[in-house]
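Colleague: Just dropping this structure here.
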Amino acid sequence: MQDTAVYRAKCIRDNNWTIYQILQEFPRLMSKGMDFLILHGDASSKLFETWLPIYAEKILYLSRREGKLISSLDGLTQDAIGELSLRQLPSLLPPTAYKLGRGHSAIMVRHTTEECNLAFIHHKPPGTNMVEYLHEAKATRPFPYVLTLGNETQHVSQAFVIIAGQAVEHDTLLQAVDACFKAFFILDSEYPRHCEHVWKFLQTTVYEIPGGEWKLVKFLQSRIRASKRSK
């Protein structure tokens, strides 16, 4: 796998395959995110190194200041604070309008914050029928995303990355978000428009992988630098 990572990346780019075709050609591709580690080694551990000590409380501070977070943080563990702050990103990076189609048939589309939430981290109750869920996801969600199961919106009992109707379980939400982000790069897949600013923020700010210039992402970056840590 290590010796052939560059070959696979070039093959995926050159052939313009769908995610389903890529995984059929390289069934072990998503194993431990190895290709990402080889191709982007400096960025590979950034989320685990920086999210809790640098970003999590500042994200929650900004969310509370804007009235988008009303629940108390008292008694929450550091892991719970990390999970909650990840869930707050769509409210701070809402979807922007974009044009779909060309010419006179083009229409303007703007996804809601709720749609952004669902495309980033979809939360379902325990006991969800995974066979039925994955069958529907394969038909309606062609992009990688995170699924969590739990009793409360802020509590995660199980976390998965969903890719092409397949579920890969991870021990924590942070691990699932990390694996999902790396999947976009490994699969050479575009971020879904529903939540593209969330992933672009993680890419350029947390993983420090260069990309385009996005006003909404730059604005949040500047607010984080200027904010104080919440108490």
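Colleague: Answer yes or no as to whether Arg102 is among the charged types (D, E, K, R) and either without any contact (Cβ under 8 Å) to a residue 24 or more places away in the chain or on the phi > 0 side of the Ramachandran plot (or both).
Modeller: It is true that Arg102 is among the charged types (D, E, K, R) and either without any contact (Cβ under 8 Å) to a residue 24 or more places away in the chain or on the phi > 0 side of the Ramachandran plot (or both).
Colleague: OK, next. Scan the stretch 180-220 for residues that are without any contact (Cβ under 8 Å) to a residue 60 or more places away in the chain, part of a loop (DSSP other than H, G, I, E, B) and under 15 Å from the mean Cα position of the chain (by Cα) and report the count.
Modeller: Residues meeting the conditions: 2.
Colleague: Working only within the stretch 163-179, note down all residues that are of a type in the set (A, V, I, L, M) and not in a loop (DSSP other than H, G, I, E, B).
Modeller: Of everything in the stretch 163-179, those that are of a type in the set (A, V, I, L, M) and not in a loop (DSSP other than H, G, I, E, B) turn out to be Ile163, Ala167, Val168, Leu173, Leu174, Ala176, Val177, Ala179.
Colleague: Restricting attention to the stretch 90-99, which residues are in contact (Cβ under 8 Å) with a residue 40 or more places away in the chain and either outside any helix (DSSP H, G or I) or surrounded by fewer than 10 Cβ atoms within 10 Å (Cβ to Cβ) (or both)?
Modeller: Leu93, Pro94, Pro95, Thr96, Tyr98
Colleague: In addition: Answer with yes or no whether Tyr7 is out of contact with any His (no Cβ under 7 Å at 6 or more places or on another chain), aromatic (Phe, Trp, Tyr), modelled with pLDDT under 80 and not in a loop (DSSP other than H, G, I, E, B).
Modeller: Yes: the conditions hold for Tyr7.
Colleague: Within the stretch 53-71, how many residues turn out to be without any contact (Cβ under 8 Å) to a residue 60 or more places away in the chain and touching a helix residue (DSSP H, G or I) at 6+ places or on another chain (Cβ under 9 Å)?
Modeller: 7
Colleague: Taking the stretch 50-75 as the search range and keeping residues that are of a type in the set (Lys, Arg) and either surrounded by 20 or more Cβ atoms within 10 Å (Cβ to Cβ) or under 20 Å from the mean Cα position of the chain (by Cα) (or both), which one is modelled with the highest pLDDT?
Modeller: My answer is Lys58.
Colleague: Conditions first: (1) within 30 Å of Tyr7 (Cβ to Cβ); (2) assigned to a helix (DSSP H, G or I); (3) at pLDDT below 95; (4) of a type outside the set (Gly, Ala, Ser). Arg225 passes all but one, so which condition is the exception?
Modeller: All conditions are met except number (1).
Colleague: Another question about this same structure. Being in contact with a Gly (Cβ under 7 Å, 6 or more places away or on another chain), of a type in the set (Gly, Ala, Ser) and either more than 19 Å from Leu37 (Cβ to Cβ) or surrounded by 14 or more Cβ atoms within 10 Å (Cβ to Cβ) (or both) is true for just one of Ala179, Ala164, Ala159. Which residue is that?
Modeller: Answer to the check: Ala179.
Colleague: Which numbered condition trips up Ser85, out of (1) part of a strand (DSSP E or B); (2) surrounded by 16 or more Cβ atoms within 10 Å (Cβ to Cβ)?
Modeller: Going through (1) part of a strand (DSSP E or B); (2) surrounded by 16 or more Cβ atoms within 10 Å (Cβ to Cβ) one by one, Ser85 breaks only (1).
Colleague: So, one more: If a residue must be at negative phi and surrounded by fewer than 16 Cβ atoms within 10 Å (Cβ to Cβ), how many such residues does the stretch 114-129 contain?
Modeller: Final tally of qualifying residues: 6.
The values are calculated or read from the model by the stated rules, or taken from the named source; none is laboratory data. Fair warning: this is a prediction, and the values are worked out from it, not measured in the lab. Heads up, the Cβs are rebuilt from the backbone with ideal geometry, glycines too, and the neighbour counts pull from every protein chain shown.
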